[in-house]
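What follows is calculated from the coordinates using simple rules that are stated; it is not laboratory data. None of the values given here were measured: they were computed from a predicted structure. Note: ideal-geometry Cβ built from the backbone for every residue, glycine included; neighbour counts use all protein chains shown.
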Amino acid sequence: MDATTGANTRAGKLTVGDNNWDFPIYEGTIGPSVVDISSLYGKTGLFTYDPGFTSTGSCESKITYIDGDEGILLYRGYPIQQLAEHGDFLETCYLLLYGELPTAAQKADFDYRVTRHSMVHDQMNRFFTGFRRDAHPMAIMVGSVGALSAFYHDSTDISDPHQRMVASIRLIAKTPTLAAMAYKYSIGQPFMYPRNELDYASNFLHMCFAVPCEEYKPNPVLARAMDRIFILHADHEQNASTSTVRLAGSSGANPFACIAAGCACLWGPAHGGANEAALKMLAEIGTPDRIPEYVRRAKDKNDSFRLMGFGHRVYKNYDPRAKLMQQTTHEVLAELGIKDDPLLDVAMELEKVALNDEYFIEKKLYPNIDFYSGITLKAMGFPTSMFTVLFAVARTVGWIAQWKEMIEDPSQRIGRPRQLYTGATRRDYVPMSRRR
Ligand code: CMC
């Protein structure tokens, strides 16, 4: 048993040329074991080389487990299907933050604490008006989430456990408000204050779709769908944005700045931006008869086009979230009386064609969560530019739970990878007059 990690340990041997070195191997509760190579450079003078971190465990964590071959996703041990079916998003938030499902009293207290923090400092309204109206809402999220650290000084001392928890609750409570403000700002409508009597998802729909001049009643089926979408996106172990949050936090940066860094990373089309990209792709394909052309392009090495919403670094099986998302899509379309959605027709046919295509079978490329989420969000009334923002709202709890876990880990140090240097070796400065 290793004293630092608490994991079972066995010895491993590394042989390079004629030399042998011993390195401990730690066993987790499930999943692949890891070789602890933190002493590798000291013992051997070698670094490891793993661009894209395909074989690197960057930390020890107790939060989320993915079995990519089997298509399993567990939050604190609980299957995502069970949480999505029986619980609500704030219960999932509690679970991710505290490690256990809440009792009724703990849940009521947690709901109250989050709800009480949903308003943002009134000066934030002025901050928003500095943005162009046509700014991408993710650009506004990166700026406004980071700006929270300028408004809430009393929760930026990361050495104080109470302040860490207050910052965590504030972030879970305020990102939906900022997201809704980003949307309202882009369409020129007044900001809607949160309504504390509504649940988290209904309140979010209210802040996005209500206007001050008439009463708005959130549709409970759509609110339930929104809540489930939040649960499905809440955490996903050490993905790019979570690793970004951890790396930013490893230097001691405040939690608001770290979550802003997570938003920036999530924005990219290979990560959270894929839901927007997937819907644009489905619209571009337009009709099922054009699918073969796009599948051919996706397989062509000389064409940069990829099927958006397909493939995953970890899942080499159906993404369990995609299955739940597909079910939610059907529920939302049925509730809204949308019988024929051309995008859904294209999506379902594309999925069928790809799943039966040798290229996708051989590379184990399955639909991921982003494949169906866009269709659902569009039907609910969100513009494509808001899709990644909704992902950011949901993932905030995962980011903050992982950030807290890292700060509270006694073995935590600043993240500082090394490199394989292939640039110029030492050379002398040449005055400009002598440069060719
Ligand atoms: N369409 C066509 N070919 C693909 C696709 C795709 N969507 N995804 C992977 N491939 C091919 C890729 O060309 C490569 O082929 P080869 O081995 O011949 O070079 C092989 O499959 C492995 O791909 P990779 O890029 O090395 O895999 P990765 O683990 O580095 O990338 C990924 C994972 C998700 C970035 C990638 O599958 C992708 O770009 N998918 C489309 C974007 C997307 O849907 N992203 C959302 C991910 S899920 C939500 C989230 O985590 O944010």
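Using the number of other C-beta atoms within 10 angstrom as an exposure proxy, rank HIS271, HIS233, HIS86 with the fewest first.
The fewest-first ordering by Cβ neighbours comes to HIS86, HIS271, HIS233.
Projecting the Cα atoms of ALA260, LEU333, VAL221 onto the charge dipole of the range 213-347, computed from C-beta unit charges around the Cα centre, puts ALA260 farthest toward the positive end. Using 0.36 nm per residue and subtracting the Cα-Cα separation, the extra length available between LYS280 and ARG434 on full extension is 50.2 nm. Each of SER202, SER304 was scored by other Cβ atoms within 10 Å of its Cβ. Listed from fewest to most, they are SER304, SER202. Positive-end ranking of ASN19, HIS153, PRO292 along the dipole of the chain, with charges on Cβ about the Cα centre, is headed by ASN19. When a/c reaches 1.5 or more, the comparison of a/b and b/c decides; with that in mind, is the range 162-317 rounded, prolate or oblate per its Cα gyration tensor? Oblate, because a/c is 1.5 or more while a/b does not exceed b/c.
Counting only GluC sites (Glu not before Pro) that DSSP places in a loop and that have at most 14 other Cβ atoms within 10 Å, the longest clean stretch of the chain runs over 216-407. With a ≥ b ≥ c the root eigenvalues of the C-alpha gyration tensor of the range 102-228, is it rounded (a/c under 1.5), prolate (a/b larger than b/c) or oblate? Cα axes put the range 102-228 in the oblate bin.
Listed values for the range 379-388 are Karplus-derived 3J(HN,Hα) couplings in whole Hz (6.51 cos²θ - 1.76 cosθ + 1.60, θ = phi - 60°), namely 4, 6, x, 7, x, 4, 5, 8, 4, 5, and x replaces Gly and Pro. Shown in residue order for the range 12-24 are the 3J(HN,Hα) couplings computed by the Karplus curve 6.51 cos²θ - 1.76 cosθ + 1.60 at θ = phi - 60°: x, 10, 10, 10, 10, x, 8, 9, 10, 10, 9, 9, x Hz (x for Gly and Pro). Trypsin sites (Lys or Arg not before Pro), restricted to the range 204-311: which are DSSP loop and have at most 15 other Cβ atoms within 10 Å? Here the trypsin sites (Lys or Arg not before Pro) that fit, given the DSSP loop and packing criteria, are LYS301. Just to confirm my numbers, what's the Cα centroid distance between the range 306-327 and the range 186-259 in Å? Using only Cα atoms to place each centre, the spacing works out to 22 Å. Structure note, pairs LYS184/LYS378; LYS107/LYS378; LYS184/LYS339: Cα-Cα distances above 22 angstrom occur for LYS107/LYS378; LYS184/LYS339.
Note on VAL16, VAL295: ascending count of other Cβ atoms within 10 Å places them as VAL16, VAL295, the fewest first. Diffusion coefficient (Stokes-Einstein, Kirkwood radius over C-alpha pairs, 37 °C, 0.692 mPa s) for the chain: 139 µm²/s, rounded to a whole number.
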